[in-house]
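Asker: Below: one structure in C-alpha cells.
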Amino acid sequence: MNFYVMTLFPEMIEQGMNTSITGRAIAKGLLSLKTVNIRDYSVTGNGRIDDYPYGGGAGMVMQAEPIYRAYEDLKARIQGNSDAQVCPRVIYLTPQGRVFHQNMAQEFAKEENLIFLCGHYEGVDERVIESIVTDQVSIGDYVLTGGELPAMVMMDAISRMVPGVLSNAESGQSESFSDHLLEYPQYSRPEVWRDRPVPPVLLSGHHGKVDRWHREQSLLRTLQNRPELLKEADLDKTDIAFLESLSK
Ligand code: 6GU
C-alpha cells in the first residue's frame, strides 16, 4: 500500500506517520509514504500558492495550478513505478465531504496507491477539485485548520486493514467496530488499585461467565454511549433480555 500526500506541511505528516504502528509498518516496507510539498509547485516564482477569493469573503484560496502540477508530477511517478496504468484515487479532505467510516477504510485498503490532498486557508479552487479529486471525505462534524490530521486519521485506519501491519495480538482487537458494539472495559494488575478492585468475575477462571460479562458490558456501553449502533448489531435472545432488564 502506497500513500502519497499533497500538503503544505509535509513534516507534520511524516512525523505523525513514522511513529508507533504505522512507523513500524513503513520501516518493514508494508506501507510506503511519500509527501509532496505543494509550495514547490508555485507558479508565481515567490512560493505563493494562494490568492484572494473571487466574489470577496474572508481568507485566502489555494490556487488550482500548483495543486494540478503537483498531481501531474506525482501521477507520472506512480505510473512509472507500476505496469498498471490505472489512475490512483485522489482523496480531498474537507468538512464538505462524506463522513469517514470503518467501511470506507475497508474499501480504501483494497487500493494499491492512494493520493491525499490536504487543503488549508479557506479552501481550494473548485476547478482543480473537479478535475483531479475522486473522493471528498470529512472525519466528522467539527472544523479543523487543515486536512493534515484528517489525512493521518484516514491513513491510520486504512493501515490497520493492510495484512501484516498489526501483530496477531493487535489484530485480535480489530473486529471491535465491525460487530456494531463498543468494546468492553479492560483491567490489568494489580487486583486492587487505590481501593478499586477488578470485577470479581474476571478472576473467577470461569470462561463462560467471563464471556457473558464481556458481552453484557459491550451491550451496556453501546446502549449508554451509542444507542443507534444497536439497530445494526447482531443480538440474540439473551442479549435482548439483558438490555430489557436494564430499562426496568
Ligand atoms: Cl477533512 N478538514 C477540515 N479542515 N476540517 C474537518 C475535516 C476535514 N473533517 C472534519 N473537520
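The values are calculated or read from the model by the stated rules, or taken from the named source; none is laboratory data. None of these values were measured; they are calculated from a predicted model. Here Cβ is always computed from backbone atoms with ideal geometry, including for glycine, and neighbour counts include all displayed protein chains. The accessibility values were calculated without ligands, DNA or RNA, using every heavy atom of the protein model including side chains. Shrake-Rupley method; radii C 1.70, N 1.55, O 1.52, S 1.80 Å.
Asker: Being closer than 30 Å to D179 by Cα and either surrounded by fewer than 20 Cβ atoms within 10 Å (Cβ to Cβ) or modelled with pLDDT of 95 or more (or both) is the requirement here; does A25 meet it? So that I can check it myself, show each step before the final result.
Answerer: Working: closer than 30 Å to D179 by Cα: yes; either surrounded by fewer than 20 Cβ atoms within 10 Å (Cβ to Cβ) or modelled with pLDDT of 95 or more (or both): yes.
The answer is yes for A25.
Asker: Restricting to segment 10-22, what's the tally of residues that are touching a helix residue (DSSP H, G or I) at 6+ places or on another chain (Cβ under 7 Å) and open to solvent by 70 Å² or more (accessible area, probe 1.4 Å)?
Answerer: Adding up the residues that qualify gives 2.
Asker: Another question, if that's okay. Among the residues of segment 104-120, is there at least one that is within 30 Å of S178 (Cα to Cα), of a type in the set (D, E, K, R) and either in contact with a Lys or Arg (Cβ under 8 Å, 6 or more places away or on another chain) or in contact (Cβ under 8 Å) with a residue 12 or more places away in the chain (or both)? Quick ask: steps written out before the conclusion?
Answerer: Residues of segment 104-120 that are within 30 Å of S178 (Cα to Cα), as a first pass: 104-118.
If we keep only those that are of a type in the set (D, E, K, R) as well, we get 107, 110-112.
Pick out the ones that are also either in contact with a Lys or Arg (Cβ under 8 Å, 6 or more places away or on another chain) or in contact (Cβ under 8 Å) with a residue 12 or more places away in the chain (or both) and you get 111-112.
Looking for residues that are within 30 Å of S178 (Cα to Cα), of a type in the set (D, E, K, R) and either in contact with a Lys or Arg (Cβ under 8 Å, 6 or more places away or on another chain) or in contact (Cβ under 8 Å) with a residue 12 or more places away in the chain (or both), one finds at least one in segment 104-120, hence yes.
Asker: Any idea how many residues of segment 13-49 are assigned to a helix (DSSP H, G or I) and either under 21 Å from K75 (Cβ atoms) or touching a strand residue (DSSP E or B) at 6+ places or on another chain (Cβ under 9 Å) (or both)? Let's see the steps before the verdict.
Answerer: Here is the first cut: in segment 13-49, the ones assigned to a helix (DSSP H, G or I) are 13-17, 20-28, 38-41.
Of the ones still in play, those that are also either under 21 Å from K75 (Cβ atoms) or touching a strand residue (DSSP E or B) at 6+ places or on another chain (Cβ under 9 Å) (or both) are 13-14, 17, 22, 26, 38-41.
Count: 9.
Asker: Evaluate the following for D135: is it within 21 Å of the chain's Cα centre (by Cα), more than 9 Å from the ligand (Cβ to nearest atom), surrounded by 11 or more Cβ atoms within 10 Å (Cβ to Cβ) and in contact (Cβ under 8 Å) with a residue 24 or more places away in the chain? It would help to see each step written out before you state the result.
Answerer: Values: within 21 Å of the chain's Cα centre (by Cα): yes; more than 9 Å from the ligand (Cβ to nearest atom): yes; surrounded by 11 or more Cβ atoms within 10 Å (Cβ to Cβ): yes; in contact (Cβ under 8 Å) with a residue 24 or more places away in the chain: yes.
It is true that D135 is within 21 Å of the chain's Cα centre (by Cα), more than 9 Å from the ligand (Cβ to nearest atom), surrounded by 11 or more Cβ atoms within 10 Å (Cβ to Cβ) and in contact (Cβ under 8 Å) with a residue 24 or more places away in the chain.
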